[in-house]
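Have a look at the structure below before the remarks.
What follows draws every value from the coordinates through simple rules; no lab data is involved. Every value quoted in this text rests on a predicted model; they were computed, and no experiment measured them. Cβ coordinates were reconstructed from backbone atoms using ideal geometry, including for glycine residues, and neighbour counts include every protein chain displayed.
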Amino acid sequence: MSEKVFATVEWTVEDVLINAKQLGIPLSRKTAHRLLSDREEKITDVMVEAGWSLIEEALTERSARRS
């Protein structure tokens, strides 16, 4: 039996295009794809760091309540 996975995130070209439109930035599908492709590792690293930060915060809060 596999363990449950929590808090997965996926980004698509469409996500980038929507955000660019909201910001008033013209962007082609090709450029949006390149943006994600070029920054994929950095995006992953930042999301993992943010996740660990929140987990550590939750552990610290839980520990403080038990003291």
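List of remarks:
- √(5λ) per eigenvalue of the Cα gyration tensor, the chain, largest first, Å: 34, 15, 11
- Angle between the chain longest axis and helix 13-22 axis [Cα atoms, degrees, rounded to 10]: 80 degrees
- For the chain, applying the loop criterion from DSSP together with a ceiling of 14 other beta carbons within 10 Å to the trypsin sites (Lys or Arg not before Pro) yields LYS4.
- Residues of type lysines that LYS21 reaches as a straight line, Cα spacing below 20 Å, ignoring anything fewer than 8 places off in the same chain: LYS30
- Rounded FRET efficiency, nearest 0.05, which uses the C-beta distance separating GLU61 from ASP38 and R0 of 35 Å: 0.45
- 3J(HN,Hα) from dihedral phi, region 33-45, Karplus parametrisation 6.51/-1.76/1.60, rounded to Hz, x for glycine, proline: 4, 4, 4, 5, 4, 5, 10, 4, 5, 5, 4, 4, 4
- Virtual spin-label span in nm between SER28 and LEU54, 7 Å along Cα→Cβ: 3.6 nm
- For region 31-67 and region 1-26, distance of Cα centres in Å: 15 Å
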